[in-house]
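Quick notes on the structure that follows.
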Amino acid sequence: MPRPKGDSPVKWSATHGQYVLYHNRKLVRLGTNKVAAERQRLALLETGETKCPPIIVSGGSLSVGEAAAAYHAFAAGHYRDSRTINRILIALEALTPFADLPAADFKGRTIRQYRETLLGRRKSNGEPLSRRYINHLVQAIQMMFAWLVSEDYIPADVLLSLRTVKALEKGKGGREKPPVPPVPDSVIEATLPFCGPTVAALIQLQRLTGCRPGEAIGCKGSEIKQVPGVWWWTPDEHKNAHREKARVIPIGPRGQALLRQFLAHAREYLFSPADDCDSKPANPMIRPGTAYTIAAYENAIKRAVRRARRAQVERGDLLLSSAFVPLWCPGQIRHTTATDIRRQFGREAAAEFLGHSGLAVIDVYAEPSAQTAAEIASKVG
């Protein structure tokens, strides 16, 4: 039996990066805030239009649901990293059972109840959420209430109560997730022939520079200073951009040779999904974007690994399933480069080359360390 018109539930769409529903067999985009999306769905059912009054935040009667909507609007404009924004969104969605509670009453006991709901959640594969991930979500809620206090929406004692709740310790709940391992160079080399040229270049750029996946896919020609010797790449969008910290990535001879063919294109982003359309089945309903998303980049690598596995089977190279090329993600490439650089040049040099800010000595010796990063890039990048 067909679904009644306009009765489609609100669902998060990873493809569109927002909540959507189908009305009269047409896709309706509802934005990234779940509370606002539900309000628009109700308005659509009643009036046939998605327009609805904005959520008004009133200091005295502020509810948790209203606070979540206001904070999400702030975070979307404040943070530049899409993964940070998505994590905040997931944390806010988990507040749904507390949406009608006055924000001023959301204190230590309540956030522990919120954490218990997270401990009861399961991923799509049935696994519980990891302990560290739960701590990140709880921290996002504490950050939300810190913002509410700074805007004078709620009294400061609410935040003081929330901060008395410490992070979950190991063994106190949640799944323990193993650290992200480096991906062996042999696995990268086995995968590259089955990638499109653009994805292969992204992988090689990460391996040569140690940049993060988000920095690689967002690389622009205008960010790269082409000078004799080592080039300097200053990404506009990076992990600590909202903290006003500069990120400078040195690019050595091999990285320069890799980028020259892409710098010849007159476009904003160097790495376009349109260049790799022939590496996967064409879908006439989907138009490639101007730049890869992290999810699309990860999926492209997964497809390449599967093609590599099929090639292994066709060649008859496998006797055991463990000999398959393992699945891996682009975040592991940075770990591979970090391990390699640290082994060759030491801990401090690796921290400077990769842009880590954990070592205080790097701030003290910023000028000599920059020279060290240039020397490393000229040799390995």
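Okay, here's what the table says:
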{"read-out": "Residue-wise HN-Hα coupling along the stretch 344-356, computed from phi with Karplus coefficients 6.51, -1.76, 1.60 (Hz; x: Gly, Pro)", "value": "7, 10, x, 5, 5, 5, 5, 4, 5, 4, 8, x, 6"}
{"read-out": "Pairs from Lys107/Lys239; Lys123/Lys245; Lys166/Lys239; Lys177/Lys239; Lys170/Lys245 whose Cα-Cα separation, in the structure shown, is over 28 Å", "value": "Lys107/Lys239; Lys123/Lys245; Lys170/Lys245"}
{"read-out": "Residue-span extension gain [Ser150 to Asn299] - 0.36 nm each, minus C-alpha spacing", "value": "49.6 nm"}
{"read-out": "Inter-label distance for Asp185 and Arg112, nm, one decimal - labels placed 7 Å from Cα along Cα-to-Cβ", "value": "5.2"}
{"read-out": "Charge dipole of the stretch 88-150 about the Cα centre (unit charges at C-beta), most positive-ward option of Ile88, Ile111, Gly126", "value": "Gly126"}
{"read-out": "Gain on full stretching of the segment that runs from Val227 to Glu169 - 0.36 nm per residue minus C-alpha separation", "value": "16.0 nm"}
{"read-out": "Efficiency of FRET from Cβ geometry, Ser13 and Ser130, R₀ 25 Å, rounded to 0.05", "value": "0.55"}
{"read-out": "Estimated inter-spin distance, Tyr79 and Gln344, nm [label 7 Å along Cα→Cβ]", "value": "3.4"}
{"read-out": "Neighbour cut-off at most 13 other Cβ (10 Å), DSSP loop, trypsin sites (Lys or Arg not before Pro), the stretch 143-227", "value": "Arg163, Lys166, Lys170, Lys172"}
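The numbers here are math on the coordinates, done by the rules we state, and not lab data. If you're wondering where the values come from, they're calculated on a predicted model, not measured in any experiment. Quick reminder, even Gly has a Cβ in these numbers, built from the backbone with ideal geometry, and neighbours come from all protein chains shown.
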